[in-house]
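Before any comments, here is the structure.
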Amino acid sequence: MVVKRALAFLALLAVTACDPYYGQEPYGPAPYPAPYPQDPYPPQPGYPGQEPYPPAPGYPGQTPYQPSPPECLITSSRDWTAWVNRMPGPGGARPMLVVSGKVAVPTGGFQVAFDPRMQVRESHPAQAFVTLQVAGPDGAPASQAQVTHEVRWEWPLNQPVGSVIVSCGDKTLAEITRIQTAY
């Protein structure tokens, strides 16, 4: 019994020793005094004519710069096909992804061609992304008449793809899911 009382007393002593604000109202002693009660240096006024810096782009309250996607002058497209060429050829031919279709642009000397770079998204099945570029004469007005261009390009292929997405600027022109393979 004496041992229990001694242990209870030691536990109470340990709890009160850990509480630095025990018995002080409301939350303990006043904060520590500053090492230097008075700042020996008075606050300096700003230089005359000095204004704060103007806010830079991207700061709160301002919209960050976002480049606009390139404009696509293609008004319509049709007859999209994609196939994989695995036919044997000289020097052990590599498999090639062939994409073709027809696009309409305004008259006035516009040229349409595929970007030679292709992106492949690793998924199951893999998706290939190809982009059309439209170039025209600078400063030439586009007319209301339409001209149809046939476009075709081949990219080396390292893996099978399940679909091909054809885009121009911010437009998706086609999603080709039926891809045949020619042996």
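The values are calculated or read from the model by the stated rules, or taken from the named source; none is laboratory data. The structure presented is a predicted model; accordingly, all values stated were derived computationally and were not measured. Cβ coordinates were reconstructed from backbone atoms using ideal geometry, including for glycine residues, and neighbour counts include every protein chain displayed.
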Taking only the range 159-180 into account, find how many residues are in a strand (DSSP E or B) and surrounded by 12 or more Cβ atoms within 10 Å (Cβ to Cβ). 12
Can you tell me which of 70, 95, 125, 116 is surrounded by 11 or more Cβ atoms within 10 Å (Cβ to Cβ), modelled with pLDDT under 90 and in contact with a strand residue (DSSP E or B) (Cβ under 8 Å, 6 or more places away or on another chain)? 125
